[in-house]
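The values are calculated or read from the model by the stated rules, or taken from the named source; none is laboratory data. Given the structure is predicted, the values throughout are model-derived calculations rather than measurements. Cβ coordinates were reconstructed from backbone atoms using ideal geometry, including for glycine residues, and neighbour counts include every protein chain displayed. Each accessible area value is taken on the protein alone, full model and side chains, heavy atoms only, with ligands, DNA and RNA left out. Shrake-Rupley method; radii C 1.70, N 1.55, O 1.52, S 1.80 Å.
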Amino acid sequence: ANTEASLGLALDIYQAMPSLLTQYHTGKIFTGENPLHILAVNSREDVLCECIVVAANNLTNEQCRGLFLKQATGIFFSDEPMAYYGSTPVAYAVAFSLQRALTTMLVMSKECSAMRGVIDFNDPHNACKHSGFLPLHVAVANSLTSMVNFLLDLPGLTIEYDDMRANPNALTAFGTLNALSLLSPLQVACK
C-alpha cells in the first residue's frame, strides 16, 4: 500500500525472514519485479537501504545476485519510460536518483562476503535484456546529470572504491531494442 505502516510491516517481515526479499512477480505483466524494484520506483530510499543491509548480512552470494541483478522483464516494462530504467534494482536506483541506496550497495560489496562481485556498474552480463543499458546508460537516457557524475566519481567514497566507478566508454549490450545496441553513453545521449 506504500504507506509507512505497510512498509514498516514489510521491513519487519524481511528482517525476520530475509529470504523473502528474493521473491518476485511472475506472470506476463510485472515478471521479475522484486521488492527492491518496488522500493526504488516509489523512492522509498530509507527502507531500500535497510533491505540492502538485511540482504547483505543474511543472504548467500547466489541469493544476493538473484536479488540485486533480477531483471524486470514483464510487458509493463517494455513501454516508455520504463524501457529506459535498466531492468535491475541497481539500475532502478540510478533511474530514480537514489545515490544513498547505491552507496549502500557499494559499501556492502566491500564489507559483506555475500555481496562480493554482485554490484558491478560495467559488467555487460548485468545489462538490461531489453535496452542493453548499464547503469551509466540509464542515467544518460533519463537525463540525470547528477547520477552520471555520481557513477563516474563515486563522491564520498574512499579511493578503494575507484575500481567500482562506471566506465564512461562502456557500450550498451545487445538487447531486444536493437537500435540501442553497442552505444557509448555519449551515443545514447545523442539518440
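Brief remarks follow.
- Hits in the range 75-106 (condition: touching a Cys at 6+ places or on another chain (Cβ under 6 Å) and either at positive phi or free of Cβ contacts under 8 Å to residues at least 40 places away in the same chain (or both)): GLY86, SER87
- Number of residues in the range 42-74 that are within 15 Å of TYR24 (Cα to Cα), open to solvent by 10 Å² or more (accessible area, probe 1.4 Å) and either free of Cβ contacts under 8 Å to residues at least 40 places away in the same chain or aliphatic (A, V, I, L, M) (or both) equals 1.
- In the range 135-145 there is at least one residue matching the filter, namely being over 28 Å from THR31 (Cβ atoms) and either at pLDDT 95 or above or among the hydrophobic types (A, V, I, L, M, F, W, C) (or both).
- Failed item in (1) among the hydroxyl-bearing types (Ser, Thr, Tyr); (2) crowded, with 17+ Cβ neighbours inside 10 Å; (3) part of a helix (DSSP H, G or I), with SER19 passing the rest: (2)
- Among the residues making up the range 145-190, those that are out of contact with any Phe, Trp or Tyr (no Cβ under 7 Å at 6 or more places or on another chain), in contact (Cβ under 8 Å) with a residue 12 or more places away in the chain and of a type in the set (Val, Ile, Thr) are VAL148, THR176, VAL188.
- Looking only at the range 144-169, and only at residues there that are under 17 Å from the mean Cα position of the chain (by Cα) and small (Gly, Ala, Ser), the one that is farthest from GLY86 (Cα to Cα): SER146
- The residue pairs whose first member lies in the range 1-18 and is free of Cβ contacts under 8 Å to residues at least 60 places away in the same chain, whose second member is open to solvent by less than 60 Å² (accessible area, probe 1.4 Å) and of a type in the set (Val, Ile, Thr), and whose beta carbons are closer than 6 Å, counting only pairs six or more residues apart or on different chains, are LEU7/VAL47; LEU11/VAL47; TYR14/VAL54; GLN15/VAL54; PRO18/VAL54.
- The range 168-188, residues that are closer than 19 Å to ASP79 by Cα, open to solvent by 60 Å² or more (accessible area, probe 1.4 Å) and in a loop (DSSP other than H, G, I, E, B): PHE174, THR176
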